[in-house]
Structures are given as structure tokens and as C-alpha cells.
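This report concerns only the one structure given below.
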2 protein chains.
Amino acid sequence: MGDPAGIGPEITWKAWERLRGDGDKAFAVIAPPAVMRSVSRAEHPVAVIDSLSQAPDAFPDTLPILPIEGSRAVPGQPDTMHADAITGSISTAVRLALAGEAAAVVTNPIAKDVLYRAGFSFPGHTEYLGTLCEGVAPPYPPGPVMMLTAPDGERAPLRVALATIHIPLSETKSALTSDAVLSAARTLLGALRVDFGLEHPRLAVCGLNPHAGENGALGSEERDIIDPVCRLLRAEGHDVTDALPADTLFHAEARQTYDGVLAMYHDQGLIPVKTLDFHRGVNVTLGLPIVRTSPDHGTAFGIAGQGIARPDSLIEALRVAREIAHHRAG
Amino acid sequence: MGDPAGIGPEITWKAWERLRGDGDKAFAVIAPPAVMRSVSRAEHPVAVIDSLSQAPDAFPDTLPILPIEGSRAVPGQPDTMHADAITGSISTAVRLALAGEAAAVVTNPIAKDVLYRAGFSFPGHTEYLGTLCEGVAPPYPPGPVMMLTAPDGERAPLRVALATIHIPLSETKSALTSDAVLSAARTLLGALRVDFGLEHPRLAVCGLNPHAGENGALGSEERDIIDPVCRLLRAEGHDVTDALPADTLFHAEARQTYDGVLAMYHDQGLIPVKTLDFHRGVNVTLGLPIVRTSPDHGTAFGIAGQGIARPDSLIEALRVAREIAHHRAG
């Protein structure tokens with residue numbers, strides 16, 4: 001569901017309208033029925049189901065809802081009274097995925113400060129999911145690692161994972177340890193293989209500094225931290241580059257040379273993905289025992305309730321979730 | 001000329017072949033004649049001219065050369081013996097531009113380490129140009145400020161200037177003072193007005209941190225340094241944003257909302273430009289008394305002499321130089 005005062009309910013309804021003709025794309029939304037009724041159209045009243053197994057039959061005619069407690073929200077007006085429903089939607093989804101009843105979890109945007117005021121104690125969505133999944137091993141080296149992916153025309157999608165995430169830029173240097181780079185690279189390589197079905201994935205690795213440090217003249221992290229990790233991975237048989245200049249790594253020809261990129265910090269990885277396809281970027285959490293994707297935008301309280309929110313990213317998040325679930329099942 | 005062992009001579013010849021049909025696009029290359037003869041075709045022997053004023057007449061039939069001392073180079077084999085010709089080509093071009101004989105200077109790539117070994121004491125091209133131009137005021141607040149620009153389909157070109165350039169990422173925080181941001185912004189605003197003919201340019205400013213610091217949660221530089229500069233400029237009547245998240249600033253719709261961007265560090269600004277149009281990116285030095293552009297690639301010693309180098313960026317650099325010269329003259 002995400003935050004019911006944001007655009008989550010609206011784009012969920014729009015995604016259903018777009019996908020309902022294809023039974024293979026069935027999904028259900030875990031939300032208070034009142035929330036989804038507030039965005040539905042009269043000719044397609046929502047269907048409250050008891051079990052996810054009923055979702056495929058209901059899907060062609062109406063949006064299936066797996067109900068939880070809660071009330072409808074005022075669009076654009078977040079309220080801590082919805083916090084229990086927001087976290088309840090997430091925890092229910094994870095429980096169903098861990099039990100094998102759901103193939104994947106797709107999370108709509110939440111506003112962290114609303115949850116914080118209600119006593120939520122996790123830094124974000126991803127950490128909360130990590131805790132809910134504790135004790136269950138993923139099918140490859142564990143994360144969580146944040147990956148952004150977006151369609152890239154006729155090419156394979158652009159897939160960029162981050163070695164460091166939501167920290168001030170000045171803390172990147174201290175966060176970028178050999179362990180952090182190695183761990184993120186292992187998770188990404190595992191995900192490219194298991195989640196995206198690439199038998200021998202090609203990984204390109206970004207440098208931290210301009211021109212990837214220019215042989216030490218513009219920084220030492222490539223020589224001291226990143227390149228040794230790359231050498232170690234190559235020695236294990238992985239197809240991994242050394243640290244490469246990030247500014248020349250994302251044009252069309254360069255994108256043919258790899259299956260995934262490990263970026264060293266947030267903007268380095270997100271700028272190219274969102275520049276190339278702003279509306280269909282998808283956030284994928286790699287290295288969890290469950291499949292989890294998310295649209296790559298926020299709650300957009302400013303435009304909630306106006307009917308103008310675009311479901312493109314959610315629809316792509318649903319597609320990527322199906323793709324990963326398919327590969328994990330196969 | 002740039003380094004004669006790199007692709008400079010070859011792309012200069014190819015640019016002439018592409019542009020010779022249009023007399024308004026005449027240029028001359030300042031080089032030892034032997035260097036240019038080594039890349040010319042027999043049916044169009046190069047023309048050695050005495051003065052730039054002869055270039056337009058010669059241009060339709062052959063590439064005009066303003067000769068300097070020097071010998072031909074072995075492609076792919078840089079040599080300190082060419083250092084005097086390399087720097088001489090630059091200093092001659094600047095002298096002609098300062099004297100009003102040349103409308104603009106376009107510099108082909110040089111390899112700094114080759115020049116260093118020959119005793120060159122400037123950090124790079126741009127600083128050398130700055131010294132050659134000392135004592136002459138530019139027509140707007142002085143730089144030098146590095147700007148990258150690239151064509152953007154039917155839209156106005158993307159233009160991104162950098163507040164900090166070739167330093168390790170970890171030094172960005174200390175280099176990013178209020179003075180540095182303000183000075184770069186003033187130069188960029190002046191250049192958009194004077195060099196690119198925009199009467200009231202709209203400037204978008206990047207934050208330093210992920211999500212532009214997310215109200216201080218992910219870094220304080222936006223609040224303490226960047227936003228106060230933006231407010232000051234707005235108080236002076238400029239159309240300037242506050243610090244914006246860099247990852248959502250470069251997609252097609254966002255690019256409609258500004259005429260120029262001030263990025264805080266190298267990769268933040270270069271990643272979007274080179275992702276969008278790798279082959280036609282152009283480096284423009286803002287805030288010099290002369291017009292100076294440069295192709296946005298290196299000497300490419302690895303492919304020199306093979307005939308496969310692309311002149312796209314040089315041709316675009318020549319076009320941007322003409323555009324700026326036209327605006328400055330008008």
C-alpha cells in the first residue's frame with residue numbers, strides 16, 4: 001500500500017487497469033478496503049479477498065484487496081494515525097512471501113518522517129524488511145543491497161547497485177571499506193545470476209574519484225580499496241572490471257559491455273539511471289530471502305488525489321518482481 | 001593542434017572535410033606543416049598560410065595551416081620533443097584571439113604527463129590559458145570555470161558547469177566554500193547571458209549530498225553553503241533554484257526547466273552530459289577574455305593513426321566556439 005495519503009493507492013489502481021487483461025500479471029494490494037475504495041471507479045468495485053490464492057480469479061474484473069485494519073486517508077495529508085496500516089501492509093506482505101504464498105513483494109512509497117513520529121525505529125523500508133526476513137537465508141550472498149534498474153530500449157535493462165547509500169557525500173570515503181565493496185559486489189553478482197538469470201554476469205565497477213583517480217593523482221581509493229577487491233573477484237573466476245571512470249561508463253556503447261554496474265555512492269549510480277528513464281526506474285532490494293521491488297519515487301503528497309500520478313514506475317516494479325520471482329522459482 | 005601523437009591531427013582533418021563546404025565555418029590549425037601533411041589526403045594538400053585572414057579563402061579547397069616549428073610525430077607514441085610545438089600552438093592561438101585576429105580558440109587534446117616531463121608547470125590546459133590571458137578582463141565575472149555542453153535533440157543543449165573539478169572526491173567538502181560556489185555561479189550566469197545570448201538565464205543548482213541533504217538528514221552543505229548563495233543570487237534578481245537533488249535533475253522533463261546547471265563536483269556534472277551524448281560533449285572554459293572550447297575526450301593514443309577516430313566532438317567544439325564568438329561580437 002505505502003502511505004495512503006500519497007499517490008500509492010492511485011497508481012495501484014491505475015496499474016491494475018493497465019494489467020488486468022493479462023492473468024499472468026495478477027497482484028493484490030494489502031490495504032484497508034476504505035483506502036482503495038477511495039480511488040476505485042464505480043464500475044469496478046474492489047474485491048476483498050480472504051487469501052492471495054483468490055487474487056488471480058478476481059483480477060480480470062476488479063482489483064483484489066487483502067484487507068488490513070485502517071481508515072481512508074485525506075490525499076496529501078499524511079497522518080501518524082495511518083502508521084500501523086502502513087507497517088502492517090509491509091509485514092503482512094513479507095510474511096506471505098516468506099510462507100511462499102506471495103511470489104514477490106512490491107512496496108509503494110512511504111514517508112519516513114511520518115512513521116518516525118509514530119515510533120517506527122528503522123532507518124528505512126529496506127532495513128525494516130531486513131529485520132522481518134531475519135534468520136532466512138537468501139539464495140546468494142546476503143544484502144540488503146540497493147539496486148536501481150530501468151528499461152534501456154532494445155538493450156538489456158540498465159542495472160546499477162550501490163556500495164554506499166543514504167549518507168552525506170563527505171562520509172563516503174570512510175564508509176567505502178574493502179568489506180563494503182566486496183560484500184556489495186558479491187551480492188550483485190549473485191543477484192545477476194540468480195535473480196536475472198545471467199549465467200556468467202559481466203560486472204563493471206565505478207571508481208570513486210574523477211577519472212577513477214587517474215593513477216592516484218586524483219585519489220587513492222581505487223588503488224587501495226576498489227581494485228584489490230576487483231582482482232580478488234577475478235581470481236575467483238568472476239567477470240569484473242577494475243575501477244572505471246564513472247562519467248564514461250553509461251553511454252549507449254558502454255552499456256553494451258556489462259550486465260550490471262557497482263557504483264560507489266548514491267548520485268553516481270542514480271544520476272545515469274534516472275537521466276535515461278526517469279519514469280520507469282525501479283528500486284530492487286538485492287540479497288533478501290524474498291523478492292522485493294519498489295517504484296523509484298516518493299509519496300508525492302503534493303499531487304496526491306489529483307488523478308495525475310503516473311503508474312509507470314509501479315508497473316515496471318511489478319514486472320521486475322515477476323521476472324525475479326520467475327528466475328528464483330526456475 | 002593538441003598532442004601530434006594523438007588523434008588531434010586526424011580529427012582536425014576529418015572536421016575540415018566535413019565543414020569545408022560552408023565558408024562560414026572556416027578555421028585554421030596552428031601546427032608544424034609536417035604534422036598535418038601526415039594525415040592529409042594527396043588530392044587536398046594542406047595550405048600553409050601567413051595570416052589567419054587568408055584562412056577563409058583557402059578553406060574550401062584545403063585545410064589552412066598557420067605554421068609553427070616542429071616535426072611530425074609517430075601516432076600513438078607521445079614524445080617530449082613535441083612539447084614546444086604543443087604549447088606553442090596554444091600560446092599562438094591565444095595571442096591571435098587576444099589580438100582579435102581569431103574569433104575563438106579550439107584546443108585539441110593534450111597529455112599532461114608528456115608536458116610535465118618537458119617542464120610544463122601548469123596543472124592543465126585551462127590554467128595555462130588563464131595565465132596567457134592574465135590582465136585582460138572577460139566580459140562577465142571571471143573564471144576559469146569548466147562547463148560541459150552537449151546537444152540534446154530538439155531541445156536547447158544541456159550545459160553543466162562545475163564548482164569543483166579535478167580533485168579527489170573526499171576533498172570536495174573542503175573545496176566547496178561559499179566563495180567557490182558563488183564565484184562559479186556568477187561566471188556561469190554571465191556566460192549564459194553573454195556567451196549564449198540568454199537575456200534572463202534560468203540556473204538550476206545541484207546539492208552535494210543524496211536527495212540534496214534531505215533537510216539536513218543527509219548532509220549540511222546545502223543548508224550552510226549552497227542555499228545561502230542561491231538566496232543571495234535571487235536577491236540580486238537572478239533566476240536561481242535552491243540546491244536540488246542531482247539524480248532527478250537531468251531527465252528530459254527536468255531539462256526543460258533550466259538553461260544551465262551548476263554541479264558541485266566532476267562526476268555529478270559529467271555523468272549526465274556523457275550519458276546523454278557521449279560523442280558530442282564539448283568542454284567550454286567560461287570566464288576568459290577569449291572564447292575557448294575543446295573536444296571532451298583525450299589524446300586517445302591507443303587508436304591514433306588508425307583512421308577510426310571520430311571528429312564529432314571537435315566539430316561540435318568548433319560549432320560552440322562559433323556560437324559564443326557570434327554572441328560576444330553581437
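When each of A:269, A:219 is tested for being outside any helix (DSSP H, G or I) and either modelled with pLDDT of 95 or more or at the interface with another protein chain (Cβ under 10 Å from one of its Cβ atoms) (or both), the lone residue that passes is A:219. In segment A:169-192, the residue that is farthest from the other protein chains (Cβ to nearest Cβ) out of those that are surrounded by fewer than 16 Cβ atoms within 10 Å (Cβ to Cβ) and in contact (Cβ under 8 Å) with a residue 40 or more places away in the chain is A:178.
Scanning segment B:298-330 for residues that are among the hydroxyl-bearing types (Ser, Thr, Tyr) and outside any helix (DSSP H, G or I) returns a single hit, B:299.
You will find that of B:307, B:216, B:330, the residue that is outside the structural domain of residue B:107 (by TED's automatic domain parsing), surrounded by fewer than 22 Cβ atoms within 10 Å (Cβ to Cβ), more than 30 Å from residue B:21 (Cα to Cα) and of a type in the set (Gly, Ala, Ser) is B:216 and no other.
Of all the numbered requirements in (1) more than 14 Å from chain B (Cβ to nearest Cβ); (2) on the phi > 0 side of the Ramachandran plot, residue A:300 misses one, and that requirement is (1). Here residue A:275 fits the description: part of a helix (DSSP H, G or I), touching a Leu at 6+ places or on another chain (Cβ under 9 Å) and without any contact (Cβ under 8 Å) to a residue 40 or more places away in the chain.
The condition of being buried (at least 23 other Cβ atoms within 10 Å of the Cβ), away from every other protein chain (no Cβ under 14 Å) and at negative phi holds for only one of A:261, A:229, that being A:229.
When you check residue B:320 against the structure, is it touching a Lys or Arg at 6+ places or on another chain (Cβ under 7 Å), under 21 Å from residue B:184 (Cα atoms), open to solvent by less than 60 Å² (accessible area, probe 1.4 Å) and in contact (Cβ under 8 Å) with a residue 40 or more places away in the chain, yes or no? No; evaluated as a whole, the condition is false for this residue.
Would you mind stating whether residue A:136 is within 14 Å of the chain's Cα centre (by Cα) and of a type outside the set (D, E, K, R)? When the stated conditions are applied, residue A:136 does not pass them.
For segment B:231-241, the criterion of being of a type in the set (Gly, Ala, Ser) and free of Cβ contacts under 8 Å to residues at least 60 places away in the same chain is met by at least one residue. Restricting to segment B:143-155, count the residues that are touching a Lys or Arg at 6+ places or on another chain (Cβ under 9 Å) and open to solvent by 70 Å² or more (accessible area, probe 1.4 Å). Qualifying residue count, segment B:143-155: 1.
Considering only residues in segment B:83-137 that are open to solvent by 50 Å² or more (accessible area, probe 1.4 Å) and hydroxyl-bearing (Ser, Thr, Tyr), the one that is farthest from residue B:313 (Cα to Cα) turns out to be B:121. Which number in (1) modelled with pLDDT of 95 or more; (2) closer than 19 Å to residue B:269 by Cα; (3) open to solvent by less than 30 Å² (accessible area, probe 1.4 Å) marks the one condition that residue B:140 misses? For residue B:140, the exception is condition (2).
Within segment B:6-16, the residues that satisfy the criterion of being farther than 13 Å from residue B:310 by Cβ and either in contact with a helix residue (DSSP H, G or I) (Cβ under 6 Å, 6 or more places away or on another chain) or modelled with pLDDT under 95 (or both) are B:6, B:9. Taking segment B:193-216 as the range and being closer than 30 Å to residue A:124 by Cα and more than 12 Å from chain A (Cβ to nearest Cβ) as the test, the residues that pass are B:204, B:205.
From the list A:153, A:130, the one residue that fits, being on the phi > 0 side of the Ramachandran plot, out of contact with any Gly (no Cβ under 7 Å at 6 or more places or on another chain) and of a type outside the set (S, T, N, Q), is A:153.
When you scan segment B:278-297, how many residues do you find that are assigned to a loop (DSSP other than H, G, I, E, B), within 14 Å of another protein chain (Cβ to nearest Cβ) and open to solvent by 20 Å² or more (accessible area, probe 1.4 Å)?
Total meeting the criteria: 5.
Restricting to segment A:235-266, count the residues that are hydroxyl-bearing (Ser, Thr, Tyr) and assigned to a strand (DSSP E or B). Number of matching residues: 1. Among the candidates A:208, A:203, which residue alone is at pLDDT 95 or above, closer than 25 Å to residue B:207 by Cα and either open to solvent by less than 50 Å² (accessible area, probe 1.4 Å) or of a type in the set (D, E, K, R) (or both)? Answer to the selection: A:208.
The values are calculated or read from the model by the stated rules, or taken from the named source; none is laboratory data. Every value quoted in this text rests on a predicted model; they were computed, and no experiment measured them. As a convention, Cβ positions derive from the backbone with ideal geometry for all residues, glycine included, and neighbour counts pool all protein chains shown. The accessibility values were calculated without ligands, DNA or RNA, using every heavy atom of the protein model including side chains. Shrake-Rupley method; radii C 1.70, N 1.55, O 1.52, S 1.80 Å.
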